[in-house]
Amino acid sequence: MTSAVVSGASSGIGAAVAEEFLRRGYEVTGLSRRGNADLDAHEAYHDRRVDLRDADSVHTALAHLAGREGPGRCAVVLNSGLAPEPCPLTEVDWGTASDTYTTNVATALHLVQATAPLLRTRGGSLTFVGSSTAGGDAPERWSYAASKSALTTLMRSCSVEFADDGVVANELRPGPVATAMTVGAGGDRFLGLLNSGYRTDWLKPVAAVARWIVDLAEFPANGPTGQIFNYSRKAS
């Protein structure tokens with residue numbers, strides 16, 4: 001069976017991505033600190049509670065995938081991360097910046113390293129959930145932007161590292177997404193009212209973003225790799 005590994009699957013984008021993989025017939029392993037009881041009720045879902053900052057714990061959480069061979073590819077979505085509150089650049093506390101970088105970059109690196117044997121055996125994809133802030137044009141979000149910029153570099157390095165293994169690596173930058181964190185409960189209704197009033201798709205439904213991510217994850221071995229797909233622009 002084709003398998004998928006999704007980090008940050010407890011809620012928001014990660015949970016929606018895991019659900020979309022399940023809808024498409026994948027066996028899904030979701031990684032998060034809080035777990036996802038709703039998805040765990042699905043027979044094809046493996047809920048793994050893990051701190052992705054701990055490399056050994058990530059390897060242990062994915063032990064059930066070790067040695068699996070067969071025609072099914074493996075799709076890995078790197079979504080987990082930390083977004084601290086905006087802060088003036090001249091007042092950024094290095095402890096917060098360092099923790100953001102460690103959380104966002106170490107979690108991705110550990111997941112790449114833990115899934116590398118499976119990817120090299122079966123082929124597949126690494127899909128990074130990035131941010132348009134990586135360009136550095138929002139100084140009050142510098143610590144978050146720096147970590148996301150590092151993820152872009154990691155993605156492109158992966159596209160070269162796994163080029164001979166039938167693995168593609170790409171990044172999707174969704175722009176603002178209507179998750180519970182951004183719009184609260186009843187997000188879809190609020191989103192519809194907001195976007196109809198402002199005539200814009202600036203805020204995207206989380207289910208739509210999940211479909212885009214899984215579409216990228218299903219790129220074939222000879223498809224685009226090392227690319228950034230940016231959905232963060234406003235539509236006129």
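Can you show me the helix-derived [θ] at 222 nm for the chain, built from DSSP H runs with n ≥ 4 at -39,500 (n - 2.57) apiece and divided by the number of residues, rounded to the nearest 500.
After summing the helix terms and dividing by the residues of the chain, the value is -12000 deg cm²/dmol.
State in Å² the accessible area per residue of segment 5-79; use a 1.4 Å probe, count heavy atoms of protein chains only, and round to the nearest integer. Walk me through the numbers before you get to the answer.
On the way: 3470 Å² over 75 residues.
Accessible surface, normalised per residue, equals 46 Å².
Take each of the peptides 111-119, 221-229, average the number of other beta-carbon atoms within 10 Å over its residues, and list them starting from the highest.
By packing density, highest mean first, the sequence is 111-119, 221-229.
Please state the relative contact order of the chain as a whole percent: Cα pairs under 8 Å, 6+ residues apart?
20 percent
Could you look at segment 39-186 and say what percent of its accessible area is carbon and sulfur, using a 1.4 Å probe and all protein chains?
Working: 3570 of 6910 Å².
Carbon plus sulfur share of accessible area: 52 percent.
Hand me the GluC sites (Glu not before Pro) from segment 1-73 located in a DSSP loop with no more than 16 other Cβ atoms within 10 Å, in residue order please.
Sites meeting the loop and neighbour criteria: Glu43, Glu69.
Just to be sure I follow the definition: excluding the sites themselves, where is the longest run in the chain that has none of the trypsin sites (Lys or Arg not before Pro) in a DSSP loop with at most 13 other Cβ atoms within 10 Å? Spell out each step's value before the answer.
Working: sites that count: Arg33, Arg34, Arg199, Arg233, Lys234.
Result for the longest clean stretch: 35-198.
Roughly what % of Cα-Cα distances in segment 39-147 sit above 20 Å, to the whole percent? Intermediate results must be reported in sequence, preceding the final value.
Numbers: 2937 of 5886 pairs.
Here the long-distance tail beyond 20 Å is 50 percent of all Cα pairs in segment 39-147.
Consider all pairwise Cα distances in the chain and report the whole-number % of them above 30 Å.
On the way: 6055 of 27730 pairs.
Counting pairs separated by more than 30 Å, the tail of P(r) holds 22 percent.
The values are calculated or read from the model by the stated rules, or taken from the named source; none is laboratory data. Note that the coordinates shown come from a computational prediction; the quantities given were computed from them, not determined experimentally. For neighbour counting, all protein chains shown are included, and Cβ atoms are generated from backbone atoms with ideal geometry for every residue, glycine included. Heavy atoms of the whole protein, side chains included, go into the accessibility calculation; ligands, DNA and RNA do not. Shrake-Rupley method; radii C 1.70, N 1.55, O 1.52, S 1.80 Å.
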